[in-house]
Amino acid sequence: MKVVLQNLTKVFPSRNKKSGEEVVAVNDFTFEIPDGKLIGLLGPSGCGKSTTLYMISGLQKPTGGQIFFGDDDVTELSAENRGVGLVFQNYALYPHLTVKQNILFPLQNLKGADKLSKQEMLERAFEAAKLVQIDNLMERKPSELSGGQQQRVAIARALVKMPKVLLLDEPLSNLDARLRLQTREEIRRIQKETGITTIFVTHDQEEAMSISDMIVVMKLGVVQQIGAPQDVYDDPTNLFVAKFLGTPPINVFEGEVKAEKLYIGAAAVLDVPGVQDQPVYVGIRPEGFIPNPEGPLTCNLSGVDVMGRDVSLVTTHEASLNPVVRSIVDADAAKNANGITVSYSLKPHKVFLFNKETEERVYFEVK
Amino acid sequence: MVESKHKWKAWLYLAPAIVLLLIFTVWPIINTLRIAFLDGYNMLGEVGGETYSFGIKNFTDVLDEYSGFKEALVNTLLLTVLTVPLSTFLALLIAVCLNSIKPLQRFLQTVFFLPYVTNSIAIGMVFEAMFNIIGLSPDAVTAESWGIINNILGLFGADPVNWINLNSSYWANMTVMVIYIVWNALPFKILILLGGLQSINKQYYDAAKVDSTPRARVFTKITVPLLSPMLAYVVITGFIGGFKEYSSIVGIFGDDMKAVGTDHSLNTMVGYIYDALGSNEGRASAAALILFVIIFVVTMINLYVSKKKTHY
Amino acid sequence: MTNQVTLQEKNLQTVSAKQRVVKIIVQVLLYTFLGVMALIIVFPFYWMIISSLKSTVEYRLPVPTLFPREIMWGNYVEAFSAANLGRLFINTVIVGVVSTLLSLVITILSAFAFARLEFKGKNALFAALLATMMIPGELFTITNYITVNNFGWIDTYTVLIVPFLVSIFYIYLLRQNFMQIPNELYLAAKVDGTGDFKYLCKVMIPLSLPTLISITILKMMGAWNSYVWPRLVTKSEEMRLITNGLRDAFTDMSGQANIPVQMAAVAVVSFPLFLVFIFLRKYIMKGVSRSGIKG
């Protein structure tokens, strides 16, 4: 089922009653989530991503805008009547019930025509358990499970009632690094198998990029960019998005455009056709550097991180806004990087310019 | 931990407490046990040089038909069995309701805690006044004023009841005591249960909501099980308190522990023990031991049941 | 997983309208129930106060008035003399203050020993003390009654104060609080050459003030509300405490008692408790939720 958010807005009254200031958690969010896709809501904490998720679930009421499931306006519908599945950040498994009872719980709430016989409920519960591979743990209590197992139970509980939409709140944040990798693949697989429109929230860009069909980058309640992960990475609309996506993070320099040439410091590093003269921020992806003794951008080399096939050159540059400038280059190309400085030429499609005032993207023609 | 050179110093700090405890806590345990088994022991008698033989006469005396212990036991049991479930249920209901409202929550919470900080004798006298009938005719047909409770009941069309006055019935007296004891027991139970409710993770309720769980099911399948340790605590302390009921009855009916002109005693086990003091300490001790055993057994049963029933 | 539950079958408009109506009804029921229960809780206090201000004639009217027509402050004057409240009030204050102060000192010293000092048999002793909390107080009262008779303490302030100075519950409460203070503070003080006693006064006590206040309030309330023990160990009415005076002065159950005066006396006894409740509620609730012991 597709989910449509239209001008969705959530304003919280201020905690401090006297000042009367309001907090806009989500501001004018419009987005159509296609049926059967996996969507990642991504942003730093306090960006309104969880609030958006809770509004879709019905646990929080929007102060403005509308939510549609398919063609149905569900904005006024409370969580009980929406039929969504929600996996909480800390799972919220009922501690006094066994895994089986936890998974059966939503089914036992079905009424009227949807009511199931005991046999059907058990079958559905085991089916869901099998899907997340916990069917051998059905008689345990949540306290007897590891974090990863609890996570699976929570997903099974959300899936068992065959929700129209599956919502996951920071699904991986309580898992250790190894489990995190494994679980995110699992989520991708389960989503593919069930075909349920799934929306998950995360602050970890790597996690979102790796499994989502589409990502939504948010900041302070405002949507920054929506798109397929690779598209957003390759073509960020503003400095925030460019900085938020990618590991190692993008390198940002102070620069200036003069006569359609981009200057970093005194060096003209790139031709930027069609850009008016102005001071800019220059974002260069780590993979956008080509070591070249003749290259125009010269940095002071401070270290080399060997990563196998590639190496990461750690350098400094006085115009850089980051403490270090990090480039990822071919190991062979870096062999002669043993001097005090290293010079680069740049890949134009890995270089982004941003207006210094608005931090919005300034486009130039890439030849 | 730092090794103190002067280990005797710790005992210096403890000395005042230990001296007092030896006299007023340790010795009583030994002595009460001793005199419970000295037949017909009497304090003045012992001072006068009388000696008593070892035996169980005190216990047989206590259990004797005429000593009034059986009445006291029945009264105490009835009061406990009636008031504990009633007050626990009401407190649970109030706590759950309080927990699900927003405006006025703090205010109402304060109001419900009010009876805790009261003098049970003093407010017992207020209950006495509220149930009291003024100028009741000997045939119990007319009265000057039927009292505020009867007046309020009259608004709902009920006939006036002779609650506590001359010739009032045992069950009328009992009802008044139950009402007062429940009223008195509510604040503590509400405080504990509300605290328990507020410590339940809100997400369980959100999860239940997303899964379209009906209210009643949320209550029976989530709230009550997660609250069960608190409920057990409230019930156990309720039983212990119930078996030691005394001063609230004094508050309503006075030292005599009975309504004027009636034959039935409203005495409780604790009242029985105090009555025996000053004349028959041996019997008082025997009764106190019996009370202790009853409380101990009931508490153990409670703990056993709650261990089976409470989760985690 | 197919055959998803569909919303289309249901009429969305009716569902959301219904859900709003249910919500309103539930709210109305909640507030009605709580309101009625709150009235029941408060009513005895209301009745006490208005009755204490009525004339005997007005109080005996067949149809009761909900507010006194003429306010009779005189009832309070009469109450003071009828129940000898003045004298009993002084007794209660003396007993309450002295026993609270002594009790605090003893409790602090023992809690400190149990929390911070090392000595042989500490844990066994503490466990034994806790075990005595299970025994009903009446069992102690019997022998204590005999003991104070033998000591010749009857009809003295001593008998009202000394037997209840040590409360294992308070020691337990304070020890728990002391234990929460990081041990490093104690070690640091030792290194600096601070003695145990100085450390106790300068660090432990200030940090445990809320618990000490809770103990103080509960102890004062205990003196104010005590009934059984003073009645047992005092022969003369002048030596009794305020609650005794209250009950003993008004035992006329013939229905002819001067109830307004009686209610005035009850109000006098209840008033300080209300003050404590209003200003120190927080501390009481904290103490209570950890104890389950009344008064």
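Numbers for the structure displayed
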quantity: Farthest positive-ward along chain C dipole, Cα basis, beta-carbon charges - from C:Pro64, C:Val261, C:Val191; calculated: C:Val191
quantity: Cβ-based exposure ranking for C:Val22, A:Val252, C:Val98, in which fewest neighbours within 10 Å come first; calculated: C:Val22, C:Val98, A:Val252
quantity: Average beta-carbon neighbours from other chains, 10 Å sphere, peptide C:44-52; calculated: 4
quantity: √(5λ) per eigenvalue of the Cα gyration tensor, region A:1-114, largest first, Å; calculated: 27, 20, 14
quantity: Descending semi-axes in whole angstrom, ellipsoid equivalent of the protein assembly as shown, from the Cα gyration tensor; calculated: 72, 36, 28
quantity: Gain upon complete extension [B:Val141, B:Arg34; 0.36 nm per residue less C-alpha separation]; calculated: 33.1 nm
quantity: Given A:Lys130/C:Lys18; A:Lys130/B:Lys202; B:Lys189/C:Lys122; B:Lys102/B:Lys221; A:Lys130/A:Lys164; A:Lys37/A:Lys115, the pairs whose alpha carbons are separated by over 31 Å; calculated: A:Lys130/C:Lys18; B:Lys189/C:Lys122
quantity: Dimensionless Rg over Rh [region A:3-240; C-alpha; Kirkwood]; calculated: 0.98
quantity: GNM result for chain A, Cα springs below 10 Å: residue of A:Ala79, A:Ala92, A:Ala25 fluctuating most strongly; calculated: A:Ala92
quantity: Expected 222 nm ellipticity per residue - DSSP helices of 4 or more, -39500 (n - 2.57), all of chain A, to 500; calculated: -6500 deg cm²/dmol
quantity: Modelled FRET efficiency - R0 51 Å, C:Tyr31 with A:Asn322, Cβ distances, 0.05 increments; calculated: 0.30
quantity: Region C:83-249 - percent relative contact order, Cα under 8 Å, separation 6 or more; calculated: 44
quantity: Descending Cα extents along the principal axes, chain B, whole Å; calculated: 78, 77, 34
quantity: Top of A:Arg157, A:Arg178, A:Arg140 by mean-square fluctuation, Gaussian network on chain A, Cα under 10 Å; calculated: A:Arg178
quantity: Within the protein assembly as shown: Cβ-based charge dipole about Cα centre, in debye rounded to nearest 20 (Lys, Arg +1; Asp, Glu -1); calculated: 760
quantity: Centre separation in Å (Cα based) which lies between region C:176-191 and region A:174-211; calculated: 47
quantity: Residue among C:Pro182, A:Met55, B:Thr262 farthest towards the positive dipole end of the protein assembly as shown, charges placed on Cβ; calculated: C:Pro182
quantity: Gyration tensor verdict on region A:249-362 (Cα atoms; rounded if a/c is under 1.5, prolate if a/b is larger than b/c, oblate otherwise); calculated: prolate
quantity: Percentage of interatomic Cα-Cα distances in region B:84-192 larger than 15 Å; calculated: 69
quantity: Among B:Leu291, B:Leu63, B:Leu104: highest mean-square fluctuation, GNM of chain B, C-alpha pairs under 10 Å; calculated: B:Leu104
quantity: Cα centroid separation - region B:175-224 against region C:13-35, whole Å; calculated: 19
quantity: DSSP-assigned coil residues among trypsin sites (Lys or Arg not before Pro) in region B:33-129, each with at most 12 further Cβ atoms within 10 Å; calculated: none
quantity: Cα centre as origin, Lys/Arg/Asp/Glu Cβ charges: chain C dipole, Debye; calculated: 860
quantity: Approximate spin-label separation B:Val297-A:Asp73, in nm, with each point projected 7 Å along Cα-to-Cβ; calculated: 6.9
quantity: For chain A, with +1 on Lys and Arg beta carbons and -1 on Asp and Glu, the positive-most of A:Gln205, A:Ile340, A:Ile67 along the dipole; calculated: A:Ile67
quantity: Footprinting exposure proxy for A:Glu357, A:Glu22, B:Glu46 (fewest neighbouring C-beta atoms within 10 Å first); calculated: A:Glu357, A:Glu22, B:Glu46
quantity: Cα radius of gyration and Dmax for region C:83-249 (Å); calculated: 18.6, 61
quantity: Residue order, fewest to most beta carbons within 10 Å, for A:Leu93, A:Leu321; calculated: A:Leu321, A:Leu93
quantity: Global form of chain C, assessed from the alpha-carbon gyration tensor, a/c cut-off 1.5; calculated: oblate
quantity: Cα-based shape type of region C:1-154, given that a ≥ b ≥ c are square roots of the gyration tensor eigenvalues and the cut on a/c is 1.5; calculated: oblate
quantity: Nearest-20 debye value, chain A charge dipole, Cβ charges on Lys, Arg, Asp, Glu; calculated: 1240
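Read-outs throughout are calculated quantities, based only on the coordinates presented, and are distinct from any laboratory measurement. Please read these numbers as outputs of a predicted model, since none were measured by experiment. A quick note on method: Cβ atoms are made from the backbone with ideal geometry, for glycine too, and the neighbour counts reach across all protein chains shown.
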